[in-house]
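Q: The structure follows.
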Amino acid sequence: MDLRKVFEHTTYAVNRRLLAYTITIIVMSIITSLMLLFPGYGTPIDVWISGQLTIVSIIFKILIALQISRIAREITSGEIQLYLAHTLTRSEYVLSMLLASWFTPTLILVSSYIVTFTIAAPNLVISGELLKPLIHLVPDLLFIASITLFFASRGREGIATTIGAALPILLPLSLSIAFSGYMNTSHPVYTQIFYVFTIVLGLMTPYTYNLLYVNYQNISYPLQGNLSKLANPTLNTLASLALSIAIITLTFVLFKKKDL
Amino acid sequence: MVEFREVSKKFGKVEALKNISFTIPEKTVTAFLGPNGAGKTTSMKLVMGFLKPTKGVVFVWGEEPWRSEGVRSRIGYLPERPVYPMDIAVENFLNHLAKLKKLSKIDVNRVIRLVGLENLVDRKIGTLSRGYIQRVGIAQSLLGDPELLILDEPTANLDPSARREIIELLKTLHKELKVSMIISSHIIPELQEIANYAVIINSGIALEYGYLNDLWRKYEIEAIFIIKTVDVEAAARILIDKSYVHYVKKVSNSLEVSIDPEHYKSFENLLTELSGLIKNYTFKTASLGDLYEKVVKSGSQESV
């Protein structure tokens with residue numbers, strides 16, 4: 001793989017596509033920075049702040065999904081043939097599109113975390129305490145990117161766009177219901193069902209899983225569900241990361257054999 | 001240069017190519033002939049490695065383009081449909097493709113000049129006419145001086161004057177760059193002006209392939225020359241004496257001479273010998289169309 005060509009095509013794709021979303025990205029980054037100032041100056045993260053940060057992450061996920069789903073259009077229109085005809089390999093093409101559509105927005109979001117915390121609480125940045133949410137946020141964005149990339153690389157723009165736009169909203173919502181159901185139900189069958197859903201959906205949105213897990217950890221009144229039976233958020237995030245990497249690897253393998 | 005060895009390609013239940021075999025040698029301009037849906041685009045995509053054969057093997061310079069993606073660096077490709085990004089300026093688009101091939105801006109400027117796009121480099125591709133978009137396509141296919149140009153319907157959907165311009169451009173390119181070409185078209189007379197080799201394909205089957213001179217002889221296609229001379233009468237007297245000349249007709253100040261295609265070369269030698277008498281000559285014949293019809297007819301008779 002020629003990384004120079006990957007970088008070249010990534011830059012081209014970012015300039016062409018992502019710049020159209022510049023205003024959205026700037027506004028979202030500002031909201032993120034403002035929300036992060038509170039914990040940066042010592043205010044604990046409450047539901048309102050975490051809600052705002054979740055909304056920002058959802059918008060970023062939708063943005064990433066929409067960008068990636070356009071790969072399908074390049075495949076079906078035949079535009080991809082032009083790039084491949086000029087020595088870009090199939091793997092280099094997919095990698096550059098992934099970098100342009102996932103890595104660049106993610107880098108911007110991560111930067112807004114780092115910059116804000118560096119200004120507000122440099123000591124906590126050095127200790128790594130305030131950057132903990134990023135450990136879950138980046139794999140969360142990667143999961144949406146990987147699943148959208150899989151369908152987009154098959155030339156299924158409709159499915160990729162629908163899934164990419166729906167999952168960022170449906171996953172946190174469904175996981176909240178499943179998590180809440182698990183923690184607040186005593187019926188053994190329902191508890192079992194909610195448990196399975198929480199585990200599965202948790203893999204798909206590790207950022208939300210972490211938020212819910214931490215929130216339930218801080219609840220003082222007695223709950224029906226046993227939090228310790230659920231996967232630790234870090235373990236869940238690692239499993240989610242492994243799942244995303246597996247989906248991306250499968251995408252690369254299948255794309256090498258795809259008729260264009 | 002290109003070899004198809006018993007290649008089949010299926011898309012679902014549709015069999016686009018059926019056990020097709022042919023070769024295309026180096027330094028040829030190949031007319032890839034066949035009606036719409038014959039399998040021309042599928043064959044070209046197989047040469048580019050965009051498709052994987054369902055059965056058989058495609059070789060390009062001894063390598064399978066499907067497996068060796070590096071083969072594409074030696075090929076320039078013009079796709080059938082105008083699939084260019086419409087929201088980008090001509091120069092930016094060509095610069096990007098050039099960077100992928102590690103080419104400089106000088107190379108980009110050269111192809112821009114070659115195809116006559118100098119005054120339109122800042123325009124977005126979407127604002128250009130179909131003829132100029134096709135020039136952008138040809139420009140990108142020429143980047144990096146490819147050894148082989150694959151042009152899929154280069155004149156499709158163009159008006160007659162734009163078609164003429166593109167054909168003239170291709171003729172110039174072949175003359176100046178000596179590049180091999182595979183050109184598909186279902187408009188046969190256009191290709192006649194530049195092609196010296198043909199692959200005739202119909203319903204996914206290769207009916208015939210070879211040098212046009214050989215195919216004309218094989219299918220007994222009449223060859224017609226238009227000759228401009230300083231003395232029409234004298235030239236006519238010399239030419240009519242030749243046993244392989246079918247007829248000599250005076251057309252305004254020129255002669256129209258029909259010959260047996262087997263004597264094509266010796267007739268050309270004769271015209272060279274008569275350079276004092278002959279001002280110039282052009283090969284004007286409907287033979288490619290005739291050839292196509294004869295090949296298709298004999299192909300369908302064989303299949304019956």
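Q: Examine the range B:109-118 for a residue that is more than 21 Å from the chain's Cα centre (by Cα), crowded, with 20+ Cβ neighbours inside 10 Å and either over 27 Å from A:Asp259 (Cα atoms) or at pLDDT below 90 (or both), and state whether such a residue exists.
A: yes
Q: Moving to a separate point now. Which of (1) modelled with pLDDT of 90 or more; (2) over 30 Å from A:Arg90 (Cβ atoms) does A:Gly225 not meet, given it meets every other one?
A: With (1) modelled with pLDDT of 90 or more; (2) over 30 Å from A:Arg90 (Cβ atoms) applied to A:Gly225, the lone miss is (1).
Q: With the requirement that a residue be of a type in the set (Gly, Ala, Ser), crowded, with 19+ Cβ neighbours inside 10 Å and modelled with pLDDT under 85, what does the range A:98-121 give you?
A: Result: A:Ser112, A:Ala121.
Q: What are the pairs, 6+ residues apart or on separate chains, where a residue within the range B:154-168 that is among the hydrophobic types (A, V, I, L, M, F, W, C) has its Cβ under 7 Å from a residue that is assigned to a helix (DSSP H, G or I)?
A: B:Leu158/B:Arg130; B:Leu158/B:Gly131; B:Leu158/B:Gln134; B:Leu158/B:Ile166; B:Ala162/B:Arg130; B:Ala162/B:Gly131; B:Ile166/B:Gln134; B:Ile167/B:Glu190
Q: Considering only residues that are facing chain B (nearest Cβ under 9 Å) and either on the phi > 0 side of the Ramachandran plot or of a type in the set (A, V, I, L, M) (or both), which ones fall in the range A:71-116?
A: Selection gives A:Gly78, A:Ile80, A:Leu82, A:Leu84, A:Ala85, A:Thr87, A:Leu88.
Q: Considering B:Thr155, B:Thr172, B:Thr127, which residue is closer than 25 Å to B:Lys45 by Cα and polar (S, T, N, Q)?
A: Numbers: B:Thr172 fails: closer than 25 Å to B:Lys45 by Cα; B:Thr127 fails: closer than 25 Å to B:Lys45 by Cα.
Just one listed residue meets the conditions, B:Thr155.
Q: Next up: Between B:Ser21, B:Ser68, B:Ser73, B:Ser43, which is more than 9 Å from chain A (Cβ to nearest Cβ) and out of contact with any strand residue (DSSP E or B) (no Cβ under 8 Å at 6 or more places or on another chain)?
A: Working: B:Ser21 fails: out of contact with any strand residue (DSSP E or B) (no Cβ under 8 Å at 6 or more places or on another chain); B:Ser73 fails: more than 9 Å from chain A (Cβ to nearest Cβ); B:Ser43 fails: out of contact with any strand residue (DSSP E or B) (no Cβ under 8 Å at 6 or more places or on another chain).
So the residue among B:Ser21, B:Ser68, B:Ser73, B:Ser43 that is more than 9 Å from chain A (Cβ to nearest Cβ) and out of contact with any strand residue (DSSP E or B) (no Cβ under 8 Å at 6 or more places or on another chain) is B:Ser68.
Q: May I pose another question? If B:Lys27 meets every condition in (1) part of a loop (DSSP other than H, G, I, E, B); (2) among the charged types (D, E, K, R); (3) over 17 Å from B:Leu148 (Cα atoms) apart from one, which number is that one?
A: The one condition B:Lys27 does not meet is (3).
Q: Among the residues of the range B:79-90, write down those that are aliphatic (A, V, I, L, M) and more than 9 Å from every other protein chain (Cβ to nearest Cβ).
A: Taking the range B:79-90 as the starting set, the residues that turn out to be aliphatic (A, V, I, L, M) are B:83, B:86, B:88-90.
Within the range B:79-90, B:Met86, B:Ala89, B:Val90 qualify.
Q: Mind listing whichever residues of the range A:1-20 are more than 11 Å from chain B (Cβ to nearest Cβ), of a type outside the set (Val, Ile, Thr) and surrounded by 17 or more Cβ atoms within 10 Å (Cβ to Cβ)?
A: Of everything in the range A:1-20, just one residue is more than 11 Å from chain B (Cβ to nearest Cβ), of a type outside the set (Val, Ile, Thr) and surrounded by 17 or more Cβ atoms within 10 Å (Cβ to Cβ), namely A:Leu18.
Q: Related question: Which residue out of A:Leu124, A:Leu134, A:Leu167, A:Leu95 is surrounded by fewer than 19 Cβ atoms within 10 Å (Cβ to Cβ), assigned to a helix (DSSP H, G or I) and in contact (Cβ under 8 Å) with a residue 60 or more places away in the chain?
A: After ruling out the rest, the residue left standing is A:Leu124.
The values are calculated or read from the model by the stated rules, or taken from the named source; none is laboratory data. Please read all numbers here as calculations on a predicted model, not as lab measurements. Using ideal geometry, Cβ is built from the backbone for each residue, glycine included, and neighbour counts are taken over all protein chains shown.
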